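A short write-up of the structure that comes next.
The values are calculated or read from the model by the stated rules, or taken from the named source; none is laboratory data. Please read these numbers as outputs of a predicted model, since none were measured by experiment. All Cβ positions, even for glycine, are placed from backbone atoms using ideal geometry, and neighbour counts span all protein chains on display.
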There are 2 protein chains.
Amino acid sequence: MKFPKGFRGGAAAAGLKKSGKKDIGLILSDVPCAGAGVFTRNLFAGANIAVCRRHLAKGTMRGIVVHAGQANACTGTEGEKVAEATAAAVARLIGADPAEFVVGSTGVIGVLPDLGRIEAGLKSIAEAGLSPEGIEDVGRAMMTTDLVPKSAEGTCRMGGKQVRILGLAKGSGMIHPNMGTMLAYILTDARLPRPELRAALRAASDASFNCMTVDGDTSTSDMLVALANGAAGNESISAEELVKFREALTKVCQSLARQVASDGEGATRLVTIRVAKAKSAADAKRAAMAVGTSSLVKTAIFGRDPNWGRIACAVGYSGASFDPKRVSIKLGGTRIFAQGRPVAQDRAALAQYLRDEKEVRMEIELNAGAAEATVWTCDFSYDYVKINAEYTT
Amino acid sequence: MKFPKGFRGGAAAAGLKKSGKKDIGLILSDVPCAGAGVFTRNLFAGANIAVCRRHLAKGTMRGIVVHAGQANACTGTEGEKVAEATAAAVARLIGADPAEFVVGSTGVIGVLPDLGRIEAGLKSIAEAGLSPEGIEDVGRAMMTTDLVPKSAEGTCRMGGKQVRILGLAKGSGMIHPNMGTMLAYILTDARLPRPELRAALRAASDASFNCMTVDGDTSTSDMLVALANGAAGNESISAEELVKFREALTKVCQSLARQVASDGEGATRLVTIRVAKAKSAADAKRAAMAVGTSSLVKTAIFGRDPNWGRIACAVGYSGASFDPKRVSIKLGGTRIFAQGRPVAQDRAALAQYLRDEKEVRMEIELNAGAAEATVWTCDFSYDYVKINAEYTT
């Protein structure tokens, strides 16, 4: 992992996870950062979400605390107090303002995280010392049902300097059984004004995390936060460089989103759905999301069944505007549907493709315009039902 | 089964189902009927859907032909020809106008139904003779993955006469593997002008089939058609009687919708979700549908897990407007969530409720207004994945 300059991290086991694994992480910037965030729109948003929004609105940031085990959602005013106290505990340790910290939280909904354990955990992280490599530990500490930690890196040039972007994410189902899930953190050493960081993050989020679905549920605790600390030393930034930064940031977020979809609960396949030649970008997204959230499409992929009927059907009810007689569908590059009707096909070869490839690609052409969208999802297996039905708190 | 006057039916095995079971049915009215229909909005609507719309728009109706095995969707202009020719075949047999017939079709998408078999099937039905009891056979002939035939009856008074309403439905998943599914037919001997029948049917549909979800997919072939033949002999109909008729029709449709949800693919539980005290009817429906389509809620019910977190979370992202601190949730009459937080509960008793009752009831109070909505769904089991993943055409 190549670390952006000026960030250090560390993690500890504070007893918040039943497993006894590391469950609290801290990322600090040596200098104040510009910060930006995108948060869940769920009305039952975690108590920490409101705290994060307030802190990011105030001014510069110094770091991120994240803990896993309890989501701190549906915990009322006590929940907000715990989130505030968590930020205050870090602030005390390093001599900063509590408002300079974002607090991420994931785990069981409705259970108040234990503040004493959080404080003890933070203290032990501080005592052990923070390091760039410690940032990887933070990525692991925030895992819940994730099978693997997720990270992505990017780079670009700004004002004659090399700028690094590092992303960490967790998320398995959009919500695990009672879990608020998708957390993503972006660290960059670019010097970037807050409005530009915000705009870049929102655009990157729309083209990545907002194009990903595991089970269609939007968690109470989802957040994507970016910190830019300027340690790369770029004095200026041109319009062209800003475009390059946005592209690099979007790629990092897309890589994370694909990793989250691949690691969906019970997933055996990553499914990439590209809708092209749509009347509008909204239509393209609508059609791709309808396919990506269809339980029938997802179970067909799990069954290695090249089922064009379910794909066409989902596109048909998506609300996108098109002439059904002009639609074509490809699976793994093979045309299976054209001009609104199925194409004679080598089913054995298609089934083989579904058995052999870990990533399944669908391309749908609506022939109604020039817009396009890509959505990432996973297949729907017995294990999804098992994981989500056999869970008991 | 109590049959409305003046309707007769019959069914035959025409070789459209691989199983060799009865797969084509015919319902005839002795006299011309007022007709009304509600159809799928899927852009890949079956070829027969356009034909039905045209026929219903023309004038009075004489009957319904329905066949199962091939959905006649994604079959292009040839599909429309088959649907038209099917209506023409019945018309020839009984000396009527082809436009007086509705043609229902369910089964595999993309395969053209065999017109020769359809014609032979209709001929053998006519030769065997039609009868009121034969209407039950039509209900069975249109089954595909349904485990049981579905019917419901209602009655009311109009102009001094007793009026009967009989409903037949099929549907298991909203779409079975490659199948266009939900078909419902309403027969009544009421004498009712077409505009009133249409309005009553639309209202009944909104409060029944449009409040039901199995897997959220909207099939290519869904239809609900009502025929009113006036054989009850009512000369007049008062405004009050019309209200009673609407109520009776709605109850028949709700019973059919509940039966369809109960018989959802792999379903082990019927789930009734009532959202009350919403700001608007649309909000109530939105919240109830979000819960009813959540894979996480549905797998929890299959796991007999009284998981308030998943219910609250779905309500939270539904788009309904409310104050999360005022929401309460009951499961089987037991309050499990109040004022935005979980309530201490007897988990064992709740799990017992989920194990013992075939129908699970959820009540969600948003405390944001006075509107309400009820949605029916089923749980989400291993068998849903099995049925939908192991299917191969």
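Among the numbered conditions (1) at pLDDT 95 or above; (2) in contact with a helix residue (DSSP H, G or I) (Cβ under 6 Å, 6 or more places away or on another chain); (3) farther than 29 Å from A:THR218 by Cβ, tell me where A:ALA371 comes up short.
Among (1) at pLDDT 95 or above; (2) in contact with a helix residue (DSSP H, G or I) (Cβ under 6 Å, 6 or more places away or on another chain); (3) farther than 29 Å from A:THR218 by Cβ, the lone unmet condition for A:ALA371 is (3).
Do any strands (runs of 3 or more DSSP E) lying entirely in the stretch A:1-90 carry at least 2 residues that are within 21 Å of the chain's Cα centre (by Cα) and more than 28 Å from A:ARG164 (Cβ to Cβ), and which ones are they?
Ranges flagged: A:61-70.
Are any residues in the stretch A:327-336 over 17 Å from A:TYR353 (Cα atoms) and within 11 Å of chain B (Cβ to nearest Cβ), and if so, which ones?
A:VAL327
In the list A:ILE165, A:ILE135, A:ILE118, which residue meets the criterion of being outside any strand (DSSP E or B) and touching a Gly at 6+ places or on another chain (Cβ under 6 Å)?
On inspection, the qualifying residue turns out to be A:ILE135.
Residues of the stretch B:231-252 being out of contact with any Gly (no Cβ under 8 Å at 6 or more places or on another chain) and crowded, with 19+ Cβ neighbours inside 10 Å, which ones?
Answer for the stretch B:231-252, where residues must be out of contact with any Gly (no Cβ under 8 Å at 6 or more places or on another chain) and crowded, with 19+ Cβ neighbours inside 10 Å: B:ALA232, B:PHE245, B:THR250.
Say whether the condition of being under 27 Å from A:ILE387 (Cα atoms), in contact with a Lys or Arg (Cβ under 6 Å, 6 or more places away or on another chain) and in the same structural domain as A:LYS58 (by TED's automatic domain parsing) is met by at least one residue in the stretch A:146-157.
Looking through the stretch A:146-157, at least one residue is under 27 Å from A:ILE387 (Cα atoms), in contact with a Lys or Arg (Cβ under 6 Å, 6 or more places away or on another chain) and in the same structural domain as A:LYS58 (by TED's automatic domain parsing).
Answer yes if at least one residue in the stretch B:293-300 is surrounded by fewer than 24 Cβ atoms within 10 Å (Cβ to Cβ) and part of a helix (DSSP H, G or I), and no otherwise.
Checking the stretch B:293-300: at least one residue is surrounded by fewer than 24 Cβ atoms within 10 Å (Cβ to Cβ) and part of a helix (DSSP H, G or I).
Which of (1) of a type in the set (Asp, Glu); (2) surrounded by fewer than 19 Cβ atoms within 10 Å (Cβ to Cβ); (3) not in a helix (DSSP H, G or I) does B:ASP146 not meet, given it meets every other one?
(2)
Restricted to the stretch B:283-323, and to residues that are closer than 21 Å to B:LYS358 by Cβ and of a type in the set (A, V, I, L, M), which residue is farthest from the other protein chains (Cβ to nearest Cβ)?
Selected residue: B:ALA288.
Residues A:GLY37, A:GLY59, A:GLY76, A:GLY110: which one is within 14 Å of chain B (Cβ to nearest Cβ) and in contact (Cβ under 8 Å) with a residue 40 or more places away in the chain?
Result: A:GLY110 is the single residue among A:GLY37, A:GLY59, A:GLY76, A:GLY110 that is within 14 Å of chain B (Cβ to nearest Cβ) and in contact (Cβ under 8 Å) with a residue 40 or more places away in the chain.
Say whether the condition of being within 30 Å of A:ASN388 (Cβ to Cβ), in contact (Cβ under 8 Å) with a residue 12 or more places away in the chain and in contact with a helix residue (DSSP H, G or I) (Cβ under 9 Å, 6 or more places away or on another chain) is met by at least one residue in the stretch A:128-136. So that I can check it myself, show each step before the final result.
So the first thing to find is which residues in the stretch A:128-136 are within 30 Å of A:ASN388 (Cβ to Cβ), and the list is A:136.
Next, only the ones that are in contact (Cβ under 8 Å) with a residue 12 or more places away in the chain stay: A:136.
Filter once more, so that each one left must be in contact with a helix residue (DSSP H, G or I) (Cβ under 9 Å, 6 or more places away or on another chain): none.
No, the stretch A:128-136 contains no residue that is within 30 Å of A:ASN388 (Cβ to Cβ), in contact (Cβ under 8 Å) with a residue 12 or more places away in the chain and in contact with a helix residue (DSSP H, G or I) (Cβ under 9 Å, 6 or more places away or on another chain).
Quickly run through the stretch B:369-390 and pick out the residues that are crowded, with 19+ Cβ neighbours inside 10 Å and within 14 Å of chain A (Cβ to nearest Cβ).
Across the stretch B:369-390, the qualifying residues are B:THR377, B:CYS378, B:ASP379, B:PHE380, B:SER381, B:TYR384, B:VAL385, B:ILE387, B:ASN388, B:ALA389.
Would a scan of the stretch A:176-187 turn up a residue that is surrounded by fewer than 24 Cβ atoms within 10 Å (Cβ to Cβ), within 21 Å of A:GLY37 (Cβ to Cβ), touching a Gly at 6+ places or on another chain (Cβ under 8 Å) and not assigned by TED's automatic domain parsing to the domain that holds A:SER321?
Scanning the stretch A:176-187, I find no residue that is surrounded by fewer than 24 Cβ atoms within 10 Å (Cβ to Cβ), within 21 Å of A:GLY37 (Cβ to Cβ), touching a Gly at 6+ places or on another chain (Cβ under 8 Å) and not assigned by TED's automatic domain parsing to the domain that holds A:SER321, so the answer is no.
Would a scan of the stretch B:339-358 turn up a residue that is free of Cβ contacts under 8 Å to residues at least 60 places away in the same chain, within 14 Å of another protein chain (Cβ to nearest Cβ), among the basic types (Lys, Arg) and more than 28 Å from B:VAL260 (Cα to Cα)?
So far as the stretch B:339-358 goes, yes, one or more of its residues are free of Cβ contacts under 8 Å to residues at least 60 places away in the same chain, within 14 Å of another protein chain (Cβ to nearest Cβ), among the basic types (Lys, Arg) and more than 28 Å from B:VAL260 (Cα to Cα).
Going by the conditions given, is A:GLU241 in contact (Cβ under 8 Å) with a residue 40 or more places away in the chain, more than 9 Å from chain B (Cβ to nearest Cβ) and in contact with a strand residue (DSSP E or B) (Cβ under 7 Å, 6 or more places away or on another chain)?
yes
Taking the stretch A:253-277 on its own, how many of its residues are closer than 23 Å to A:ALA199 by Cα, surrounded by fewer than 22 Cβ atoms within 10 Å (Cβ to Cβ) and of a type outside the set (Lys, Arg)?
Qualifying residue count, the stretch A:253-277: 2.
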